[in-house]
Amino acid sequence: MPPVVNTIISILFDGLAWAMFLFIISVGLSITMGLMGVVNLAHGAFAMAGGYLVVTATASWGVPFLASLIIALIVVGIVSVLFERTLYRQLYDASELHQVLLTIGLAFMAIATYTYFYGPLPQAIRVPYYLSGELHLGARSFPTYRVFLIGVGAALIAALWYGFERTNIGARIRAAVDNRRMAQSVGIDVDRLFTITFAVGSGLAGLSGGLAIQLLGLTPSFAIIYLVFFLLVVAVGGSGSIWGTLAGALVLGVSDTAGKYLFADAGSFFIYAVAVLILLIRPAGLYGRE
Amino acid sequence: MKIISAVAASVLTFFFWMAVADAETIKVGVVLPYSGPNADLGNQIDKAFDLYIKLHAKDLGDNKIELVKRDEGPASGANARTVVTELITNDKVKLLAGFVFSPGAIAAAPLATQAKIPMLIANAGTAWITTLSPFIVRFSFSMWDPAYPMGTYAATKLGCKTAAAGFTDFPPGQDSALAFKTAFEKAGGKVIDEVRMGSPGPVPDFTPFFQRVKDEHPDCFYVFVPSGSHAGGVMKTYGDIGMRQAGIRLIGPMDLIPDYQLAQMSDAAIGLVVVSSYADDYDTPINKDFVKEWHAAYGPNSYPDFESAAGMDTMAGIFYVINKLQSNLDDGAKVVDALKGWKHDGPRGLIEIDPQTRDVIQDERAEEVIKKPDGKLGVKVLETFPQVKDECKVLKIGRCGS
């Protein structure tokens, strides 16, 4: 294989895996933002909660890794409803400053709580043997865990597409995102829709937290340090749209990887340059509506 | 009668002196990251300071040591100047100790000079830090201490003709890569690529950087990251993208295998060669005792690492200087003078503070990660480089020459 082709395959594959991870972690944030206009800066805290749940489940309870991912998805989703019912619902009509203050406060409280119980040390897990090492596909081999990430991402996209485009509840969510007042006046219970999407979005964050341990490691500051990535994806993609989030994740994931691979010296800056460029041309994001 | 009253007087004087001495409490300002993504690094030294004081409190007699702990904050050093100013002006500390990150130490150095307060470094390893203030004494290491012998060892013993260097893009990373490159090329090797791998804060996804190096196919891949969770990320990526199978050998300083991370690493780490000043597995009575006391104090799942060993030696130096100067630490220059040429046998083995450079002299060891009989990962020492001095200052390279 010529080196140039090899390089392009490397970048596309790693970029795709990174993009899938960004998609899974950001999609919930994007939908809840589009639906209710709530800027949930504690989204990373739900992801972190999922990560620590996976650590405890695999290390202390002996649950297999894949099962513990599903536990993280469900438990974080359910627990997030409690927060939504008690705290977030106060925010629907509040100013953006109030939203940001409360949710960033929650994120800091989560950091302190998890530091208290788990300590500041990074946590690691042992992924099962069938997810570690490399997968040989033709002339190339690929890291198995990243192939798995792409698979999970693809499955989620299919599930979300079906749920969003083909079910009644999906149609209602789309209607409410398009025009909340109109949706309410035709009898759609937007509050309840929001609870459901919030739970699904937070659950997916929990799942992605579990997936992230092998990728990025897990410390209590997880809640805040990767927040800028999710916000970038939502901003570039345009809030309230699955396809926007997917497009944003793909553009940023691949360009971030390409930047680091090709121009390592300026690599960490590349993703921001791309984001700024896109937002200059389309201020509402790729799929955003003015 | 005369004798009795003389005895009584001297006894009274003695008690009076005791009472005065009793009041001595030495305040030491401790600057370590207690929050954020690198809090684990601070934690390793913080535990060592506390453990040393717990084990050796009686060595100070009636004097006491009080640690005033402040958060060094992020790796950028943005917080260090503020907390050091507070420690000097508000808390009136006599000594400053800690400093995990080079940027923090670099930012604080002018304050140590201004206030004439000794600054005792327990980690920050950028070689030229010690030249920034005559009040700096370093107990940990210079980046050159492990990186320079690693360069020679890779070229001569590991048979690497070409190498790539990947490093976290901040002063110690640049320093470590430069040291490796200098020695490796002096020994006949060729560094074909130098890859800056992001910032020292949150752990980046190393895959694009490693993939680039994999496609370039050097014999050896020298990596520096700021230890802790970054080290875990390096090992995972190295294993996941199959660099070993591609025939690329991972090498580096001890930051790649801090003992508390090694316990969690996968078998991908086996065969990794580092040059290091410390490992839990070092078979000396002092180290065996240290590891035992550590587990007794912090539980079986907490492991000391090279930072902790340097932390123990830093606190040993503080105890030495308190006793030597009879608790009178008001003159910072005298404290630094007393530490020059200080020799100590600690967990790392014999160390000395170089009277010329105020930097530590210690043994470095090339060691390989192995699977021990009990199934855990550990290290086997391949070669010892006795009493290594900071080669950057010996060769007077760049800012080390000033």
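The values are calculated or read from the model by the stated rules, or taken from the named source; none is laboratory data. All figures in this text were calculated on a predicted structure; none of them were measured in a lab. Cβ sites come from the backbone with ideal geometry, for glycine too, and all protein chains shown count toward neighbours.
Assorted remarks:
- Selected residue [more than 9 Å from every other protein chain (Cβ to nearest Cβ) and not β-branched (V, I, T)] from B:D219, B:D169, B:D215: B:D219
- Of all positions in segment A:30-44, at least one carries a residue that is in contact (Cβ under 8 Å) with a residue 24 or more places away in the chain, within 14 Å of A:A249 (Cβ to Cβ) and not acidic (D, E).
- Count of residues meeting criterion [crowded, with 22+ Cβ neighbours inside 10 Å and out of contact with any helix residue (DSSP H, G or I) (no Cβ under 9 Å at 6 or more places or on another chain)] in segment B:217-261: 1
- Residue within segment A:93-100 that is closer than 24 Å to B:P202 by Cα and part of a helix (DSSP H, G or I) present: yes
- For segment A:114-138, the set of residues classified as at pLDDT 90 or above and away from chain B (no Cβ under 14 Å) consists of A:F117 only.
- Residue check, A:A42 of a type in the set (A, V, I, L, M), under 13 Å from the mean Cα position of the chain (by Cα) and either within 14 Å of chain B (Cβ to nearest Cβ) or farther than 28 Å from A:H136 by Cα (or both): yes
- Of all the residues in segment B:225-247, those that are in contact (Cβ under 8 Å) with a residue 40 or more places away in the chain and more than 11 Å from chain A (Cβ to nearest Cβ) number 2.
- Scanning segment B:172-197 for residues that are within 14 Å of another protein chain (Cβ to nearest Cβ) and surrounded by 23 or more Cβ atoms within 10 Å (Cβ to Cβ) yields B:G173, B:A177, B:V195, B:M197.
- The set of residues in segment B:295-312 being part of a helix (DSSP H, G or I) and surrounded by fewer than 24 Cβ atoms within 10 Å (Cβ to Cβ) consists of B:H295, B:A296, B:A297, B:Y298.
- Scope segment A:196-226; condition within 13 Å of chain B (Cβ to nearest Cβ) and of a type in the set (S, T, Y); matching residues: A:T219, A:S221, A:Y226
- Scanning segment B:84-139 for residues that are assigned to a helix (DSSP H, G or I) and not aliphatic (A, V, I, L, M) gives B:T85, B:E86, B:T89, B:S102, B:P103, B:G104, B:P110, B:T113, B:Q114, B:W128, B:T130, B:T131.
- Meets criteria (aliphatic (A, V, I, L, M), within 20 Å of the chain's Cα centre (by Cα), closer than 21 Å to A:L215 by Cβ and at pLDDT 95 or above) for A:V76: yes
- Among the residues of segment A:227-248, just one is within 14 Å of another protein chain (Cβ to nearest Cβ) and crowded, with 24+ Cβ neighbours inside 10 Å, namely A:F230.
- Residue under evaluation A:A264, criteria (1) over 23 Å from A:M48 (Cβ atoms); (2) away from chain B (no Cβ under 13 Å), criterion not met: (2)
- Residue in segment B:37-90 that is nearest to the other protein chains (Cβ to nearest Cβ), counting only those that are acidic (D, E) and buried (at least 17 other Cβ atoms within 10 Å of the Cβ): B:D40
Residue by residue, here is whether (1) small (G, A, S); (2) at pLDDT below 95; (3) in a strand (DSSP E or B) holds:
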residue	(1), (2), (3)
B:A21	yes, yes, no
B:V31	no, no, yes
B:I53	no, no, no
B:A57	yes, yes, no
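- Flag for A:F270 being part of a helix (DSSP H, G or I) and surrounded by fewer than 24 Cβ atoms within 10 Å (Cβ to Cβ): yes
- Of the residues B:D59, B:D40, the single one that is among the charged types (D, E, K, R) and under 17 Å from the mean Cα position of the chain (by Cα) is B:D40.
- Single unsatisfied condition, A:P220 versus (1) crowded, with 24+ Cβ neighbours inside 10 Å; (2) outside any loop (DSSP other than H, G, I, E, B); (3) not charged (D, E, K, R): (2)
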